[in-house]
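One structure is given here, and the rest of the page talks about it.
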């Protein structure tokens with residue numbers, strides 16, 4: 001893991017099938033459209049990530065406009081997370097088999113329609129249903145877009161550079177939603193955080209056929225692991241639902257315990273199915289790739305730490321300091337700008353120094369940033385309580401996204417890129433859902449135990465504990481990169497048309 005990442009063919013011999021001709025769109029390592037394709041697909045990915053956080057600053061406005069309770073309005077966030085995180089593996093594999101471009105275009109069309117429905121929602125029920133559908137479309141778009149990037153960039157050096165840009169977009173989108181959401185909500189109204197997706201989505205739908213060719217797994221007979229797909233999708237949906245609902249009903253409630261137990265049983269069943277399937281949805285041999293395993297574990301920690309920090313940050317700024325949506329958005333700008341710096345500096349440094357030094361540095365910055373936020377006070381100010389924590393957290397987050405993204409796709413064969421992309425996106429979304437649920441539970445528990453007569457003081461104490469929890473999450477990501485890297489790389493079986501590195 002100390003060496004610069006390599007990309008290439010699959011990690012282990014598999015049953016030989018007569019290869020079909022390489023898809024023309026992916027065959028030319030110097031396709032002149034590849035950087036334009038990256039810009040277009042990256043815009044789609046940025047929209048998907050942005051929509052996970054852009055609603056944070058609009059939540060108070062949505063709640064007032066649609067007369068939603070606190071328990072109901074949280075599903076504007078979690079409804080999207082449940083379907084987004086639960087279905088990515090499924091659609092990533094579908095795209096590998098059916099054709100990535102056509103599946104991606106179907107996702108874009110659904111994203112445009114669901115965004116329009118979110119904007120015109122006349123009741124809370126309509127908005128929550130539309131957000132769930134929007135999450136389904138995001139689950140289609142995210143892994144297929146990344147898989148198309150992998151198929152377009154055949155040269156290993158250029159591919160790593162493209163993946164670095166992709167990871168940077170993820171890190172930027174995760175925080176830019178706070179700024180964009182605040183400005184739009186204050187200036188135009190909460191409906192426009194959804195309406196802006198419509199023209200951008202239409203443009204993407206029209207331009208993708210021009211800039212990106214279709215690609216799919218090159219086998220003579222396409223087989224789909226239906227049992228594995230149903231089992232793991234049910235497990236992920238149930239897991240995300242259970243952890244997002246836990247703060248409201250309690251982590252020790254029968255519903256939460258049963259949900260988590262059923263999740264564990266479904267995961268165990270999935271592993272049995274995959275070990276015996278001739279066309280496994282997730283070939284378990286992929287996890288013998290050290291960087292892939294470390295990248296997914298690190299991305300899980302990124303999701304835990306980022307959303308575990310952003311959620312209490314939103315509450316502190318708006319409910320303790322009394323910031324408006326616009327003020328909060330502008331406050332977060334320093335973090336967004338620094339995440340851009342960290343992402344692109346990290347991507348450039350990876351090619352010279354390798355993944356591990358940059359990843360370790362990134363998580364150290366995240367740990368430091370979240371630790372500084374644990375000192376927030378009830379009568380705090382931006383300069384004294386938030387500035388330094390956000391300034392340090394930003395570049396760490398950007399670089400962590402980049403290194404985790406590159407590692408999670410290192411050494412994966414092009415025909416399995418949709419699966420690998422779905423896997424890393426799933427890791428991030430599971431981390432996000434778990435992060436929000438756990439820090440919310442911690443904050444409410446600590447605040448509820450306070451004996452002070454000041455609600456703001458009690459809430460602040462709870463949020464300080466939430467920031468400390470996010471620090472622990474970041475420490476897990478640091479641990480993933482500090483573990484010994486010695487391992488025996490699996491044998492490689494070269495495929496026609498793929499570079500050997």
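Please treat every number below as a calculation from the coordinates, not as lab data. Quick caveat: nothing in here was measured; it's all calculated off a predicted structure. Note that we place each Cβ from the backbone using ideal geometry, even for glycine, and neighbour counts take in every protein chain shown.
Structural remarks
- Anisotropy class of segment 355-407 from Cα gyration tensor, a/c 1.5 cut: prolate
- Label-point separation, residue 123 to residue 198 (7 Å along Cα→Cβ), nm: 2.2
- Percentage relative contact order, segment 263-393, counting C-alpha pairs under 8 Å, at least six apart: 21
- Over all pairs of different C-alpha atoms in segment 324-375, the reciprocal of the mean inverse distance, the Kirkwood hydrodynamic radius, equals 12.6 Å.
- Averaging the sequence gap over all C-alpha pairs within less than 8 Å and six or more residues apart, then dividing by the number of residues, gives the chain a relative contact order of 28 percent.
- Those residues of segment 108-133 whose amide nitrogen sits under 19 Å from the label point placed on residue 67, 7 Å along Cα→Cβ: 120-129
- Alpha-carbon spread of segment 70-197, three principal axes, descending order, Å: 48, 30, 23
- Taking Cα atoms only, the orientation of helix 333-353 departs from the longest principal axis of the chain by about 30 degrees.
- Crossing angle, helix 455-482 versus the chain [Cα axis fit, 0-90 degrees, rounded to tens]: 20
- Of the peptides 35-46, 81-92, the order by per-residue mean of other Cβ atoms within 10 Å, starting with the highest, comes out as 81-92, 35-46.
- Compared with the dominant Cα axis of the chain, that is its longest principal axis, helix 100-120 is turned about 20°.
- Here the gap between residue 382 and residue 264, fully extended at 0.36 nm per residue and compared with their Cα-Cα distance, gives a gain of 38.2 nm.
- Distribution of pairwise C-alpha distances over the chain, 20 Å bins, in %: 25, 59, 16, 0
- Rh (Kirkwood; distinct C-alpha pairs) - segment 126-178, Å: 12.8
- Taken as Cα centroids, segment 106-140 and segment 177-211 sit 13 Å apart, rounded to the nearest whole angstrom.
- Mean projected area in nm² (Cα convex hull; one quarter of hull surface) for segment 223-336: 10.2
- Over all pairs of different C-alpha atoms in segment 304-348, the reciprocal of the mean inverse distance, the Kirkwood hydrodynamic radius, equals 11.6 Å.
- Shape class of segment 314-418 from the alpha-carbon gyration tensor: prolate, with a/c at 1.5 or above and a/b greater than b/c.
- Over the residues of the chain, the helix contribution to mean residue ellipticity at 222 nm works out to -25000 deg cm²/dmol, using -39500 (n - 2.57) for each DSSP H run of at least 4.
- Rel. contact order, % - alpha carbon contacts under 8 angstrom, at least six apart, segment 372-467: 32
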